[in-house]
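As structure tokens, the structure follows; a few thoughts come after it.
The values are calculated or read from the model by the stated rules, or taken from the named source; none is laboratory data. Quick caveat, the model's predicted, so the values are computed rather than measured. So basically every Cβ, Gly included, is an ideal-geometry build from the backbone, and we count neighbours across all protein chains shown. Quick note on the areas: whole protein, heavy atoms, side chains included, nothing else; ligands and nucleic acids left out. Shrake-Rupley method; radii C 1.70, N 1.55, O 1.52, S 1.80 Å.
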Amino acid sequence: MASNGFRGACVFWNAVCLSMFLLMGSATTTRADSEEWLANAFSTPAKTGKSVSGVAGSKRRGKANGDPQDSSAVTDGSTSSDKKPDKPDVLIGDHFAPSVAGKWQWRVTRTSWTETDEAAYGDFLVGIGESDCKTTHECLTSPSANPIYHARNPPGMQFFADCADLPYVLRGYFAWMNGLPFSFSTAVDRHPGSDTSKGSAQSFQIIGRYHIVPPGPDGRLTLPEISRVSTAHFRTPAVYRAKLLPDYYPVRIDRGGVRAGTVIFDPLGHIAIVYKVTEDGVAHFIDGHPDNTLTRGIFGSEIERWGPESGSGFKRWRPQRLVGATQGRDGRLHGGRVVLANDSELSDWSEEQYYGTGDGHSDHSRAKDSAAKDGRARDWRSAKFAIDGNEIDFYGFVRLRLANKGFKFNPVDETRIRIRATCQELAQRVDAVDAAIKAGMHQRRQPPRLPNNIYVTQGDWETYATPSRDAQLKNTFRVLREDVERFLNLSQKSSPFIRYDGNDLRQDLMETYEAEAANCNITYIKSDGVSQTLGFKEIKSRLFKMSFDPHHCVERRWGATSSVELASCPDDKLKSDWYDAQQRLRNEIVRTIGDRMDFTIEDLRRHAREDSKFGDAEPPVIDVAPLFRLTQ
């Protein structure tokens with residue numbers, strides 16, 4: 001069963017993506033109007049051409065009244081708004097940013113990215129990841145998070161990125177600051193040969209690109225063009241056969257392939273960027289959200305593994321180089337186009353994360369379309385992973401491949417790491433709920449229906465609701481239990497991958513859990529202004545009571561059930577009834593982003609009475625404590 005991978009819900013702004021997205025795996029889609037979405041995706045496409053005058057500042061339709069407005073206008077050196085820009089029209093074919101001279105020109109002075117540039121980009125990401133900045137804007141304007149470039153930002157410029165935009169915004173920003181060429185995809189369509197049958201993973205091809213070439217455009221106007229990107233642009237198959245190349249390719253799982261700058265794509269609709277890999281093989285990432293917040297996490301089994309057609313997993317940017325540019329008398333470059341490296345030019349291209357390693361000794365990085373020939377599984381679901389001939393699960397394989405040679409799992413240390421990561425998730429949820437309260441969402445009337453899908457939508461629900469984030473949080477508790485159970489089993493089997501020098505692993509794990517849980521507390525402000533502190537165990541007990549609905553009071557957002565804690569909640573009877581009716585949806589830890597969910601309260605009650613497929617009647621078992629009480 002496919003589980004929620006990351007915390008935020010990225011809207012698929014290319015409607016073609018939403019219509020075809022989840023025909024994958026065991027998740028089902030009940031969308032009845034997919035063909036209509038597909039038709040609308042290209043109903044009024046932009047004209048294909050070699051240049052589009054004024055693309056960055058083109059007139060677009062306003063969301064509120066349909067009046068034309070310039071969503072990226074720049075006046076007196078500052079952008080007009082710090083809100084997320086409207087998504088621009090689809091650009092099909094090759095397009096070039098119009099060159100504009102001036103102080104804020106993205107002056108392209110280089111023809112390609114070098115390994116030195118890649119290392120510098122990695123350092124740039126480390127600075128952001130290891131800082132305490134909480135939004136994309138704060139990260140790029142903070143002296144501590146962005147010490148090298150923050151002072152060069154245009155005055156008043158606002159930086160925005162959701163999950164799909166974030167890798168592009170950060171990569172594009174770095175290219176701007178370093179005079180590098182840059183190109184990114186702008187439109188997608190079905191990949192040739194993509195299986196459209198239900199239950200298969202949809203793949204896309206790139207059908208549009210946007211190039212930043214010399215002399216260079218106004219960076220203030222060009223960087224927001226990245227808002228054209230959606231998660232569909234990551235959904236390209238490992239073996240790609242279309243004309244325009246995608247921005248990313250799948251990499252070999254080692255410290256060369258998975259490093260700062262590597263992207264992690266979860267096909268359930270989220271993207272993260274690795275900013276460091278520690279000596280023990282832990283891949284730390286940053287990820288963006290629809291409210292422009294930026295959070296941090298570690299790679300683990302919350303991120304579901306999928307097949308090669310989905311484009312999932314670890315991916316790196318294809319090397320880009322400027323070709324066909326001429327050098328003027330002033331020594332400056334002019335014109336040209338950006339070319340991406342083919343698969344055959346990529347030494348670390350690999351499909352092993354999909355088809356496994358076979359015996360665990362061979363290098364299958366170049367064996368495209370040949371899994372069956374070298375003893376690996378034909379079907380990615382049957383893939384086996386091994387280190388030095390010893391089989392291990394995929395997530396253990398990733399850790400061991402990324403760790404220094406000789407690393408072994410210490411179950412006590414691993415449990416401590418997992419609890420601290422979960423505690424970080426809780427702290428980040430505090431910020432998300434606070435943002436909804438500050439926006440006054442809880443004071444609005446309860447809408448008569450839920451969105452078409454609570455996980456994938458637009459507007460204020462996308463910005464302030466937390467169903468995806470909450471599913472992720474529930475999964476971190478689930479993974480904690482599964483990790484402890486796995487380490488207990490591996491220890492009993494005397495696994496070569498385990499290092500434990502104690503006498504009673506179950507007791508040591510319990511003591512570690514108790515100590516770390518006691519140190520994990522969050523505090524929220526109730527509706528009456530009084531602080532309420534919740535501990536790790538208390539949150540675990542109310543995890544499936546915490547409301548994802550931003551129209552509910554903060555007490556219900558944090559799962560309050562006692563009359564004392566709920567006394568300050570101002571919710572009326574209708575909101576209370578909606579809260580009760582949403583329980584089945586709160587019991588889910590799988591984001592069913594392909595299902596239509598625009599339920600009324602009566603629909604939710606009917607689904608509960610009929611025990612339908614929507615939601616779960618009971619929450620899954622996520623409590624790790626019972627595992628400590630079992631006898632050896």
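Separation between the H334 and A625 pseudo-spin-labels, each 7 Å from Cα along Cα→Cβ, expressed in nm?
So the label points at H334 and A625 sit 7.4 nm apart.
Just to be sure I understand the model, the point goes 7 Å from the Cα along the line to the Cβ. What's the resulting N519 to K613 distance in nm?
Here the answer is 4.5 nm between the modelled labels.
Determine, for each peptide in 433-442, 229-238, 271-280, the mean count of other beta carbons within 10 angstrom over its residues, then list the peptides with the highest first.
Peptide ranking by packing, descending: 229-238, 271-280, 433-442.
Multiplying the sequence separation of K243 and D379 by 0.36 nm and subtracting their Cα-Cα distance, what value in nm do you get?
46.3 nm
For a 27 Å ceiling on Cα separation, which of these pairs sit above it: K526/K575; K526/K613; K384/K408; K474/K613; K134/K526; K408/K537?
K526/K613; K408/K537, as the Cα separations exceed 27 Å there.
Between segment 269-323 and segment 418-496, what is the separation of their alpha carbon centroids in Å?
18
What does the net charge come to around R445 if you take all other residues with beta carbon closer than 12 Å to its beta carbon, with K and R at +1 and D and E at -1?
Value of the local net charge: 0.
Please work out how much length the chain gains when fully extended from Q532 to D343, using 0.36 nm per residue of separation minus the C-alpha to C-alpha distance, in nm with one decimal.
Here the segment from Q532 to D343 would lengthen by 62.6 nm.
How much accessible area does Y173 have with a 1.4 Å probe, in Å² rounded to the nearest 10?
0
Among the aspartates and glutamates, which have Cα under 13 Å from the Cα of K243 when same-chain residues fewer than 8 positions away are ignored?
D94, D189, D343
At 7 Å along Cα-to-Cβ for each site, give me the label-to-label distance between R420 and D254 in nm.
The two pseudo-label positions are separated by 2.9 nm.
What ranking do 452-463, 321-332 get when scored by the average of other Cβ atoms within 10 Å per residue, highest first?
Put in order of decreasing packing, that is 452-463, 321-332.
I'd like the accessible area for E610: 1.4 Å probe, protein heavy atoms, all chains in place, Å² to the nearest 10.
The accessible area comes out at roughly 110 Å².
With a ≥ b ≥ c the root eigenvalues of the C-alpha gyration tensor of segment 173-327, is it rounded (a/c under 1.5), prolate (a/b larger than b/c) or oblate?
Here segment 173-327 falls in the oblate category.
What order do C569, C163 take when sorted by accessible area (1.4 Å probe), most exposed first?
Per-residue accessible area, sorted high to low, gives C569, C163.
Normalising by the residue count of segment 121-201, find the relative contact order in percent from Cα pairs under 8 Å and 6+ residues apart.
20
If each residue of separation counts as 0.36 nm, what is the full-extension length gain between A386 and S568 once their alpha-carbon separation is subtracted?
60.0 nm
Taking R0 as 25 Å, what's the FRET efficiency between E485 and V126 from their Cβ-Cβ distance, rounded to 0.05?
Efficiency for this residue pair is about 0.15.
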